Amino acid sequence: QVHLVESGGGLVQPGGSLRLSCAASGFTLDRNTVGWFRQAPGKEREGVSCIGIAENYTFYANSAKGRFIISRDNANNAVYLQMNRLRSEDTGVYFCAARGPCTPWLGSLYDYWGQGIQVTVSS
């Protein structure tokens with residue numbers, strides 16, 4: 001079976017950091033493009049970051065650029081999203097998705113999805 005599982009979410013104060021993990025089973029993640037998406041309360045789902053098959057290709061939403069870093073850990077069949085200097089507007093449910101394009105960056109084009117994990121930024 002193919003599974004994607006997110007971990008590393010939780011509650012953090014503004015200005016803090018979290019590292020989200022997306023671990024895959026049933027297929028080799030380093031052979032697929034991986035995207036991170038989030039859905040804030042009352043908002044539409046939006047793309048946050050994307051990494052191509054080659055690790056030198058990455059993309060970030062304007063809201064994440066300069067604060068978030070996406071990376072691969074091929075030995076553990078995982079992709080990470082390091083989130084720094086978190087803000088209250090970063091609050092939402094974060095999803096990882098695989099086997100879809102970075103361009104165009106549309107969630108509907110991804111084949112595999114994790115269940116989502118909550119990130120809450122609050123004092």
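The rows are residues; the columns are (1) within 26 Å of Gly15 (Cα to Cα); (2) not hydrophobic (A, V, I, L, M, F, W, C).
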| site | (1), (2) |
| --- | --- |
| Asn62 | yes, yes |
| Val79 | yes, no |
| Gln82 | yes, yes |
| Asp90 | yes, yes |
| Pro101 | no, yes |
| Ser108 | no, yes |
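Taking region 32-44 on its own, how many of its residues are surrounded by 15 or more Cβ atoms within 10 Å (Cβ to Cβ) and among the basic types (Lys, Arg)?
1
Step by step: first the residues of region 45-55, then only those that are part of a loop (DSSP other than H, G, I, E, B) and not acidic (Asp, Glu), then the one that is least open to solvent (accessible area, probe 1.4 Å). Which residue is that?
Here is the first cut: in region 45-55, the residues part of a loop (DSSP other than H, G, I, E, B) are 45, 52-55.
If we keep only those that are not acidic (Asp, Glu) as well, we get 45, 52-54.
Numbers: Arg45: 116, Gly52: 6, Ile53: 100, Ala54: 54 Å².
Going through the qualifying residues, I end up with Gly52.
Go through region 8-31 and give me each residue that's buried (at least 16 other Cβ atoms within 10 Å of the Cβ), modelled with pLDDT of 95 or more and either in a strand (DSSP E or B) or at negative phi (or both).
Within region 8-31, Gly9, Val12, Leu18, Leu20, Ser21, Cys22, Ala23, Ala24 qualify.
Out of all the residues in region 102-122, is one or more modelled with pLDDT under 95 and touching a helix residue (DSSP H, G or I) at 6+ places or on another chain (Cβ under 9 Å)?
Checking region 102-122: not a single residue is modelled with pLDDT under 95 and touching a helix residue (DSSP H, G or I) at 6+ places or on another chain (Cβ under 9 Å).
Checking Tyr60 against (1) aromatic (Phe, Trp, Tyr); (2) surrounded by fewer than 21 Cβ atoms within 10 Å (Cβ to Cβ); (3) in contact (Cβ under 8 Å) with a residue 40 or more places away in the chain: exactly one of these is not met. Which one?
(3)
So, in region 63-87, of the ones that are in contact (Cβ under 8 Å) with a residue 40 or more places away in the chain and not in a strand (DSSP E or B), which residue ends up most open to solvent (accessible area, probe 1.4 Å)? Even if it seems obvious, please write down each step before you answer.
Here is the first cut: in region 63-87, the residues in contact (Cβ under 8 Å) with a residue 40 or more places away in the chain are 72, 74, 76-87.
Still in the running and not in a strand (DSSP E or B): 74, 76-77, 84-87.
Values: Asn74: 72, Asn76: 99, Asn77: 37, Asn84: 46, Arg85: 132, Leu86: 4, Arg87: 100 Å².
So, considering only residues that are in contact (Cβ under 8 Å) with a residue 40 or more places away in the chain and not in a strand (DSSP E or B), the one most open to solvent (accessible area, probe 1.4 Å) is Arg85.
Condition first: touching a Pro at 6+ places or on another chain (Cβ under 9 Å) and surrounded by fewer than 17 Cβ atoms within 10 Å (Cβ to Cβ). Now tell me which residues in region 88-111 satisfy that.
Ser88, Leu109
The values are calculated or read from the model by the stated rules, or taken from the named source; none is laboratory data. Quick caveat: nothing in here was measured; it's all calculated off a predicted structure. Cβ: placed from backbone, ideal geometry, glycine included. Neighbour counts: every protein chain shown. Quick note on the areas: whole protein, heavy atoms, side chains included, nothing else; ligands and nucleic acids left out. Shrake-Rupley method; radii C 1.70, N 1.55, O 1.52, S 1.80 Å.
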